[in-house]
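Note sheet for the following structure.
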Amino acid sequence: MSDQPPKWAGKLLQWICSHEQLEILQGDLAELFQCRLRKYGSTRAKLHYIKDVLDMLRPFAIRKRKPQLKMNHFTMYKNYLKVAFRVFSKQKLITLINTISLTIGIASISLIYFFIVDEYSFDGFHPNKDNIYRFTSTSVDPGGAVIKKTSYMPIPLGPTVVADFPEITNFTRILQPRDYYVRVGNEVNKELVSFADSSFFQMFSFPLIHGDKNQVFHNPNSMVLTEKMALKYFNTTDVVGKLVSVRFGNKFQEYLVSGVAQNTPKNSSVRFQFILPYSSLPSYRRYKTYWGAGLNETYVVVNKTTDLPMLEEKLEVLWTRYMSDVVAELKEDGEVHPSYELQPLSEVHLNPNISGMTKTSDSKYSYILGGIGFLIFFIACANFMILAIGRSAGRGKEVGIRKLVGARRRHLILQFWAEAILISMFSLGLGVVLIYFVLPYFNELSNKSFDYISLFTFKASITLIGIAIVGGLLAGLYPAVTISSLKTTSALKKRIRLGGVNLFTKSLVTSQFAVSILLIIGTLVMWQQVNFIKDKDLGYQSENVIVIPNELQQKDIHQFKNALNASPHITSFSLTSYSLTREKIEGSFSYEGIDIPYYMFRVGSDYFPTLEIDFLEGRDFDPLISSDSVSSIIVNKEFARRLGPDFKVGDKLEGFRNFGVREPSVIAIIEDFNLESLTESIKPAIFTIRRLFGFEDLLVKISSDQTQESLTYMRNQWETIAPEIPFSYSFLNEDVSQQYVSEEKWTKIVQYSSILTISIALLGLLGLIMLTVNGRIKEMGIRKVLGARSRQLFFLLFRQFNVLILIATVIAVPLAIYVLEKWLVNFAYRVSINPFTLMATIAIIFCITMLVVGINTIKARSTNPVDSLRQE
Amino acid sequence: MKGTQLGEFEELVLLTIGALQEDAYGVAIKLEIESRAKRKPSIGALHSALSRLSDKGFIHSHEGGATKIRGGRKKRFYTISASGKRALVTANELRNELFNLIPDLKLNASQP
């Protein structure tokens with residue numbers, strides 16, 4: 001065995017060489033092999049042999065390959081087409097099912113392709129992108145575990161690193177865009193305004209329509225706005241030199257437009273509408289040298305040749321150089337200071353773990369959507385395969401005759417593939433039309449704003465055609481290979497039964513069932529969970545509570561409050577640091593050696609009645625008791641629980657200090673209520689009416705039957721008190737459900753994809769049963785003649801699916817439970833996966849299958865046995 | 001028709017065929033060149049050269065002599081044709097003529 005040259009190499013030699021040369025060369029190589037075998041041993045001899053074979057790729061030895069079928073190829077192709085169309089029109093329903101499922105499959109996978117491409121194209125349009133980095137910092141606990149990653153950097157960081165590190169050549173800071181009132185003429189609106197350094201337009205490529213990118217921020221009172229904003233306020237883009245006012249604190253400040261930028265591309269992490277020079281930031285002078293807090297993002301340009309890890313290590317110096325007091329303080333507590341990293345611009349978008357101001361996205365979504373798209377596509381292709389195998393019974397003769405007149409196997413494969421690709425190409429056409437109709441829904445679900453026409457770039461079109469071809473190849477693979485492998489004689493004699501159901505078809509059908517079950521369970525459980533969190537009693541009343549962002553002066557608040565109190569429709573009024581769904585003030589309190597992390601709410605009087613929160617013990621804040629506004633707090637039950645059973649209402653919190661509240665006494669304990677979205681459990685919370693900082697939101701409870709009147713009344717009052725500030729509001733219960741938008745979205749995505757999958761799978765099932773009935777038409781006829789009832793016929797057909805559905809259940813249910821458990825872990829309050837849901841799913845599948853089988857039984861029953869038995 | 005120039009390797013092969021006389025077939029030529037010229041032509045390169053020589057009409061060939069070691073396959077034996085001999089002679093004469101035109105070649109030949 002081992003002293004023979006490798007067989008495949010021998011075959012390769014045969015394939016390479018022409019007939020005249022072959023024998024001599026084979027002989028020479030064999031002789032040399034034997035020589036070398038004795039001299040060097042088996043391995044080297046074999047290697048030499050292989051080398052010699054490959055060495056025969058020389059003009060003298062290579063067989064001249066004649067293009068054998070050149071003369072009638074095109075006629076043949078024409079014949080394939082003709083036969084294909086005949087087959088299609090003979091089995092219209094099957095063709096229709098194939099086309100519909102492939103259309104849906106191709107449309108879904110194309111949409112998801114667009115989504116993924118867009119996700120990964122973020123920030124790719126800056127020519128300078130490879131040199132731009134964003135500063136991030138990582139805090140670790142003494143054990144080395146990462147606590148927090150952030151991209152909010154101290155304001156002096158940017159200029160300092162450019163001065164201290166020659167590798168860093170340029171920087172720009174960007175402040176989180178915030179809503180400010182912008183006034184042009186008499187029009188006042190809230191708009192997103194950001195601040196950036198003058199290098200902003202040099203580093204990033206946001207082309208300016210008007211203005212010079214090197215000059216736009218020379219003047220501290222200049223501003224750049226986008227084309228869209230220019231058109232909104234001036235109806236033209238040529239607005240350089242026009243005046244725009246922005247309101248800081250309580251007065252408007254004028255800015256001169258120095259540039260108009262093109263709208264930021266949709267796939268840009270950095271976005272802006274109005275952008276002002278950094279130096280004009282009201283608090284800039286105060287914070288210019290303040291290292292104590294991260295306030296802006298800092299982007300820098302790093303030299304191409306820089307060794308990045310080395311530079312990051314060198315950045316360590318910043319701590320000892322500029323923040324030695326912080327380092328010392330941390331050291332005292334046994335903690336280490338955070339480290340600085342430079343994050344390439346291209347990685348900004350798909351890194352959701354860094355808290356920052358850009359809207360990031362998780363690449364997880366791409367994977368999940370990609371997976372779903374692939375499932376749908378797979379099911380569509382599976383349909384094609386199942387049906388093609390099913391209907392191939394009738395084509396045995398065709399294959400036999402083709403073989404008889406000289407078709408090689410590859411011709412047959414080509415023919416069957418061509419048929420599949422023909423259908424998939426047609427489906428592609430339909431799919432492109434389908435995309436047009438579903439694009440709005442897809443945009444809504446995926447948070448994108450794709451435009452139909454601009455989707456089909458050259459590259460995308462090529463990819464779509466590629467997808468269709470791959471789909472065709474995939475779908476046509478099994479039929480092409482099996483059908484073409486038939487022996488001529490047996491194909492002609494119809495000895496081999498290809499039709500009906502074989503193991504391969506069965507596994508395909510099973511996997512279709514499995515995917516359907518998986519997605520139905522997913523839909524049901526996610527739907528239950530979303531309903532659960534939306535309907536759950538939060539411990540407070542969010543109905544009829546109106547949240548108004550507080551833009552009023554202190555004295556105006558009083559006036560507004562008095563005005564509201566005068567209205568019979570308004571039940572109560574309160575103030576709060578932030579409404580529940582918005583920001584939170586966090587703190588931590590060390591009590592008897594245990595850290596209690598808590599949320600702190602600064603509230604106005606009547607806060608608890610407004611939200612209808614129950615008191616367990618103690619009393620509400622009383623504006624008449626002066627100590628309440630300084631040294632009294634109310635805690636929730638969770639906070640009290642953490643303090644332990646020894647703590648009583650009226651006791652002081654020793655050592656407590658935050659926001660001007662010092663060692664307060666607890667005057668009441670309130671019932672727990674959900675402070676955050678239901679993904680989080682209830683945390684300890686304290687409430688104070690100490691008025692050291694302003695209140696961001698006003699809460700107004702109105703009576704339920706007079707919503708519109710109350711709103712109008714409030715608007716009128718607001719406009720008399722503060723005419724220059726637009727009145728805006730939202731309903732608290734809407735804010736609360738707003739928190740679950742993404743959960744609802746995912747539920748919808750899974751729901752839609754399960755509907756799609758099930759419909760495709762059902763279509764396939766329908767076709768398959770039809771073909772089975774056709775294949776067994778004689779059997780059915782005989783059974784009927786012998787007295788079988790239609791019920792018996794039904795079970796005869798249905799029986800085969802029992803086992804398949806059971807196998808699919810065994811595969812899909814554990815998988816579904818596993819995946820859904822992973823999702824449910826995200827919620828502190830969650831439903832459990834109900835066995836009833838699982839059973840209901842299986843029941844649904846059974847029912848649908850029975851329905852489809854039933855329809856076919858009716859058809860089988862209604863055919864006259866005489867007709868089916870007579871045909872030969 | 002290809003030119004009738006004789007390449008360096010072709011000349012070597014042709015000479016070897018002449019030297020081997022009746023026994024000149026692929027493997028034998030290869031082994032002879034390996035032992036005399038201290039170079040290892042691959043069997044592919046050798047057959048390539050043989051096929052060129054054959055095209056130029058410098059060699060004749062006939063088949064025969066299957067052995068067990070070759071798996072029962074025939075050998076192809078080569079002999080030099082008349083025009084092959086002429087080409088060898090011409091090449092040799094040309095070389096000698098030029099050789100003699102170099103005055104102090106003999107002196108330096110022994111020193112590398």
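A few remarks follow.
- With N counted as the residues of region A:526-647, its alpha-carbon radius of gyration over 2.2 N^0.38 Å works out to 1.26.
- Dipole of chain A, positive direction: furthest Cα of A:Leu111, A:Ser449, A:Ala722, with charges on the beta-carbon: A:Leu111
- Stretchable slack from A:Phe504 to A:Arg286, in nm (0.36 nm times residue separation minus alpha-carbon distance): 71.1 nm
- Shielding of B:63-72 by partner chains, average beta-carbon count, 10 Å: 4
- Estimated FRET transfer efficiency (A:Phe125, A:Val438; beta-carbon r; R0 22 Å; 0.05): 0.20
- 15 Å cut-off, amide nitrogen to a point 7 angstrom out along A:Ile777 Cα→Cβ, residues in region A:836-872: A:857, A:859-872
- Cross-linked pairs A:Lys190/A:Lys683; A:Lys39/B:Lys74; A:Lys266/A:Lys536; A:Lys39/B:Lys85; A:Lys92/A:Lys448: Cα-Cα separations exceed 28 Å for A:Lys190/A:Lys683; A:Lys266/A:Lys536; A:Lys39/B:Lys85; A:Lys92/A:Lys448.
- Put a dot 7 Å past the Cα of A:Met839, heading toward its Cβ, do the same for A:Lys822, and the two dots end up 2.9 nm apart.
- Computed from the Cα positions only, the extents of region A:750-832 along the three principal axes stand at 64, 21, 17 Å, in decreasing order.
- Region A:168-177 - phi-based ³J(HN,Hα) in whole Hz, Karplus 6.51/-1.76/1.60, Gly and Pro as x: 9, 9, 7, 8, 9, 9, 10, 8, 3, x
- For chain B, a crude dipole built from +1 on the beta carbon of Lys and Arg and -1 on the beta carbon of Asp and Glu, taken about the Cα centre, is about 560 debye to the nearest 20.
- Exposure proxy for A:Thr138, A:Thr43, A:Thr264: other Cβ atoms within 10 Å of each Cβ, ordered fewest to most, give A:Thr43, A:Thr138, A:Thr264.
- Each of A:Ser446, A:Ser742 was scored by other Cβ atoms within 10 Å of its Cβ. Listed from fewest to most, they are A:Ser742, A:Ser446.
- Number of partner chain Cβ atoms within 10 Å, mean per residue of A:44-52: 1
- What you get for region A:617-718, charging only the Cβ of Lys and Arg (+1) and of Asp and Glu (-1), is a dipole of about 320 debye around the Cα centre.
- Stretch gain in nm, segment A:Glu734-A:Thr679, where the contour uses 0.36 nm per residue and the Cα spacing is subtracted: 18.1 nm
- Neighbour counts of C-beta atoms inside 10 Å place A:Cys35, A:Cys17, A:Cys381, A:Cys847 in the sequence A:Cys847, A:Cys35, A:Cys17, A:Cys381, starting with the fewest.
- With the gyration tensor restricted to C-alpha atoms of region A:29-135, the semi-axes of the equivalent ellipsoid amount to 50, 38, 16 Å, longest first.
- Between A:Val146 and A:Lys331, the FRET efficiency from the beta-carbon distance, with R0 = 25 Å, is close to 0.80.
- Residue-wise HN-Hα couplings along region A:207-224, as the Karplus relation 6.51 cos²θ - 1.76 cosθ + 1.60 with θ = phi - 60° gives them from phi, are x, 9, 7, 10, x, 9, 5, 8, 10, 4, 9, 4, 8, x, 9, 9, 8, 10 Hz; Gly and Pro carry x.
- Other residues within the sphere of radius under 13 Å centred on the Cβ of A:Ser454, judged by their own Cβ, net out at +1 (K and R +1, D and E -1).
- Listed residues A:Ile401, A:Ala382, A:Leu412: farthest to the positive end of the dipole of region A:371-414 (Cβ charges): A:Ile401
- Neighbourhood net charge (12 Å Cβ-Cβ; Lys/Arg +1, Asp/Glu -1) for A:Ile721: -1
- Entries of A:Lys46/B:Lys30; A:Lys148/A:Lys584; A:Lys534/A:Lys637; A:Lys82/A:Lys778; A:Lys364/A:Lys459; A:Lys228/A:Lys304 with Cα pairs more than 26 Å apart: A:Lys82/A:Lys778; A:Lys228/A:Lys304
- Cα pair count fraction exceeding 16 Å, expressed as % - region A:244-364: 76
- All-pairs Cα distance distribution in region B:1-91, expressed in whole percent, bin size 10 Å: 16, 52, 27, 4, 0
- Using alpha carbons only: equivalent-ellipsoid semi-axes of region A:94-173, gyration tensor based, whole Å: 47, 20, 8
- Pairwise Cα inverse-distance average, inverted: Kirkwood Rh of region A:778-872 (Å): 16.3
- Convex hull volume per residue for region A:210-276, taking Cα atoms only, in Å³: 97
- Calculated FRET efficiency for the pair A:Lys92/A:Ile855, C-beta based, R₀ 22 Å, to 0.05: 0.80
- Largest-first principal axis extents of the Cα set of region A:368-521 (Å): 59, 39, 20
- Each of A:Ser194, A:Val831, A:Ile570 was scored by the projection of its Cα onto the charge dipole of chain A, and the greatest displacement toward the positive side belongs to A:Val831; charges sit on the C-beta of Lys, Arg, Asp and Glu.
- For region A:44-187, size of Cβ-based charge dipole, Lys and Arg +1, Asp and Glu -1, in debye: 1920
- Gained length - A:Asp164 relative to A:Glu612, 0.36 nm times residue gap less alpha-carbon distance: 155.6 nm
- With the simple model of a label 7 Å out from the Cα in the direction of the Cβ, A:Arg409 to B:Glu63 spans 2.9 nm.
- For A:Ile833, net neighbour charge (Lys/Arg +1, Asp/Glu -1) across residues whose Cβ lies under 14 Å away: +1
- Radius of gyration and Dmax over the Cα atoms of chain A, both given in Å: 36.9, 116
Coordinate-derived values only; no laboratory data. All figures in this text were calculated on a predicted structure; none of them were measured in a lab. Reconstructed Cβ throughout: ideal geometry from the backbone, glycine too, with neighbour counts over all protein chains shown.
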